[in-house]
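Note sheet for the following structure.
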Amino acid sequence: MSQNGGMRKRVAILGSTGSIGTQALDVVEAAPDRFDVVALAAGGGRPELIAQQAIAHEVEVVAVALATSAQDVQLALYAEAQRQGWERGDHRIPRLLAGKDAAAEVARMPCDVVLNGMTGAVGLAPTLAALAAGTTVALANKESLIVGGELVTSAARSGQLVPVDSEHSALAQALKGEDPADVRRLLVTASGGPFRGRTRAELADVTPEQAMAHPTWDMGPVITINSSTLVNKGLEVIEAHLLFGIDYDRIDVVVHPGSVVHSMVEFVDGSTMLQASPPDMRLPIALGLAWPQRVPGAASPCDWTAPVSWQFEPLDDAAFPAVEVARRAGRFGRTAPAVFNAANEECVDAFVAGRLDFLGIVDTVAAVLKEHLGDPATAAADLTLEAVLSADAWARDRAHHRIETA
């Protein structure tokens, strides 16, 4: 039992060595009476870190996607256990799973919450696996919802999907207990990224290093670059539609450079409800793990002892067209969001590798999406997991072709 009278929650963390995963473990360590970590999953590229996490939290299972890293992880687990007193019998060695299906196997384990902090469309199978097992999914892997669409929403019972993105966590809090008929629109806030205020022409020579310099958030490389193009915000608009059932014409993006107001809900009577806190992902992570309860001390509150002002401004769609491209994909539905996401992932990789310029990211995504929507078979196809995976592969191939032949 925890101090608040509830049962301790058994938690599995997918993407444990990434930004979301490491901060989730911070939350667990700060509230040891609330959570037990039973399993961890990661790519496998950081064997020493996942070994440290696994032994420190005495998890039952460790999963890595890279089968070739299994031996390194196993050796790291033994070394870490020995360092922390394994020879005295103080620490057990967890069971090790390896391969592309390992994270989904973890997601099926008996537990209370699966925190999906993976990056990209690879998070879809684990999300579906956890939902099928009846487990609450604290969802930081927005791509799995966006790519899966109705496959995910139809698999989830009421309250089973809990958003961890700060924007959607804010919306969930503002909507809690409200009548959906009273909602006029959702306002998703955006920091504007490192290039806020620049014109399209001024973005032509942006480098990966500049795109990685986010002004307020400390995130992984893919999400950070997505924030610089505002693709991330386009994905969040689709995610908000799927999570809350609000039409796209009632979901707007507002630029808020301070990243203190995380999103807002405007109601039919003219009132607007917002959630505010300093930019710290530990707060929405803690809420995602404990939902609908709160975790005391999860993050620091706003400081009201000093003067403060909040700035808001409209989004410049000419310089940052990614949100409108995402709306186009979201309104069409079916496999279009999967194409948008997959083409973008391919373009981000090419940008980081120096094979594509910054403006080419969204331009290429838009071109691949247009090609997909122009295919008569696209509108006729049913949304199945096979169709999603096929569209994902097709979009990556078409994006790669456009990049290499540009």
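Restrict the check to segment 84-95 and report whether at least one residue is touching a helix residue (DSSP H, G or I) at 6+ places or on another chain (Cβ under 9 Å), free of Cβ contacts under 8 Å to residues at least 12 places away in the same chain and not in a helix (DSSP H, G or I). Within segment 84-95 (the criterion being touching a helix residue (DSSP H, G or I) at 6+ places or on another chain (Cβ under 9 Å), free of Cβ contacts under 8 Å to residues at least 12 places away in the same chain and not in a helix (DSSP H, G or I)), the answer is yes, since at least one residue qualifies. Could you pull out every one of the helices (runs of 4 or more DSSP H) wholly within segment 220-304 that has 3 or more residues that are within 26 Å of Arg328 (Cα to Cα), in contact with a helix residue (DSSP H, G or I) (Cβ under 8 Å, 6 or more places away or on another chain) and touching a residue at least 12 places away in the same chain (Cβ under 8 Å)? Hits in segment 220-304: 221-229, 231-244. Would you check if Thr135 is of a type in the set (Ser, Thr, Tyr) and more than 30 Å from Glu60 (Cα to Cα)? No: the conditions fail for Thr135.
Yes/no matrix, rows are residues, columns are (1) under 25 Å from Asp363 (Cα atoms); (2) among the β-branched types (Val, Ile, Thr); (3) touching a strand residue (DSSP E or B) at 6+ places or on another chain (Cβ under 6 Å):
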{"residue": "Gly234", "(1), (2), (3)": "yes, no, no"}
{"residue": "Ile251", "(1), (2), (3)": "yes, yes, yes"}
{"residue": "Ser259", "(1), (2), (3)": "no, no, no"}
{"residue": "His262", "(1), (2), (3)": "no, no, yes"}
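Does segment 343-365 include one or more residues that are of a type in the set (A, V, I, L, M) and part of a loop (DSSP other than H, G, I, E, B)? Scanning segment 343-365 turns up at least one residue that is of a type in the set (A, V, I, L, M) and part of a loop (DSSP other than H, G, I, E, B). Exactly one residue among Thr153, Thr119 is closer than 21 Å to Ala391 by Cβ and surrounded by fewer than 21 Cβ atoms within 10 Å (Cβ to Cβ), and that residue is Thr153. Being over 15 Å from Ile225 (Cβ atoms), among the acidic types (Asp, Glu) and modelled with pLDDT under 95 is a condition met by no residue of segment 185-202. Put simply, of Ala41, Ala130, Ala63 the only residue that is outside the structural domain of Ala338 (by TED's automatic domain parsing), assigned to a helix (DSSP H, G or I) and modelled with pLDDT of 95 or more is Ala130.
Within segment 290-346, the set of residues being modelled with pLDDT of 95 or more, basic (Lys, Arg) and under 30 Å from His372 (Cβ atoms) comprises Arg327, Arg328, Arg331. The residue pairs whose first member lies in segment 109-129 and is among the small types (Gly, Ala, Ser), whose second member is surrounded by fewer than 22 Cβ atoms within 10 Å (Cβ to Cβ) and assigned to a loop (DSSP other than H, G, I, E, B), and whose beta carbons are closer than 8 Å, counting only pairs six or more residues apart or on different chains, are Ala125/Asp101; Ala129/Arg108. The residues in segment 133-177 that are in a helix (DSSP H, G or I), under 20 Å from Ile223 (Cβ atoms) and in contact (Cβ under 8 Å) with a residue 60 or more places away in the chain can be counted, and the count is 14. Does Ala190 satisfy the condition of being touching a Pro at 6+ places or on another chain (Cβ under 6 Å) and closer than 20 Å to Val265 by Cβ? No, not satisfied.
The values are calculated or read from the model by the stated rules, or taken from the named source; none is laboratory data. All values derive from a computational prediction rather than experimental measurement. Cβ: placed from backbone, ideal geometry, glycine included. Neighbour counts: every protein chain shown.
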